[in-house]
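Some notes on the structure that comes next.
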Ligand SMILES: [Zn+2]
């Protein structure tokens, strides 16, 4: 039985791809030691990314105009 991927895990995988990491663990390890984190827009169909504060949950997306940017650490439920 396969677990359904949540929107958060799908977006985390997408963010990995865009940032050039093979898997989320590599991405998260890199982010943990940094003061900024890559963030991705949570809107379906919008994959805009930007560097944001690691605890960002509702950052402004310059592509679709929503407060929909979420950082990698929040996506992974680490904070
Ligand atoms: Zn967007």
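None of the figures in this text is laboratory data; all of them are computed from the coordinates on show. These figures come from a predicted structure and were not determined experimentally. Cβ sites come from the backbone with ideal geometry, for glycine too, and all protein chains shown count toward neighbours.
In percent, what relative contact order does the chain have, based on Cα pairs under 8 Å that are 6 or more apart in sequence? Taking the mean separation of contacting Cα pairs over the length of the chain, I get 27 percent.
Taking the number of Cβ atoms within 10 Å of each Cβ as an exposure proxy, the fewest-first ranking of 18, 79, 40 is 79, 18, 40.
To make sure I understand, if each residue's beta carbon is the centre and we count other beta carbons within 10 Å, what order do 69, 13, 52 fall in, fewest to most?
13, 52, 69
Legend: calculated FRET efficiency, residue 46 to residue 78, from the Cβ-Cβ distance at R0 = 25 Å, rounded to 0.05, equals 0.60.
With a simple spin-label model that places each label point 7 Å from the Cα along the Cα-to-Cβ direction, the separation between residue 9 and residue 55 comes to 2.7 nm.
Available extension along the chain between residue 33 and residue 62 is 7.8 nm, counting 0.36 nm per residue and deducting the alpha carbon span. Cα centroid separation, region 48-79 to region 17-36: 14 Å. By the helix-only formula, in which each DSSP H run with n ≥ 4 contributes -39500 (n - 2.57) and the sum is divided by residues, the chain has a 222 nm mean residue ellipticity of -9000 deg cm²/dmol.
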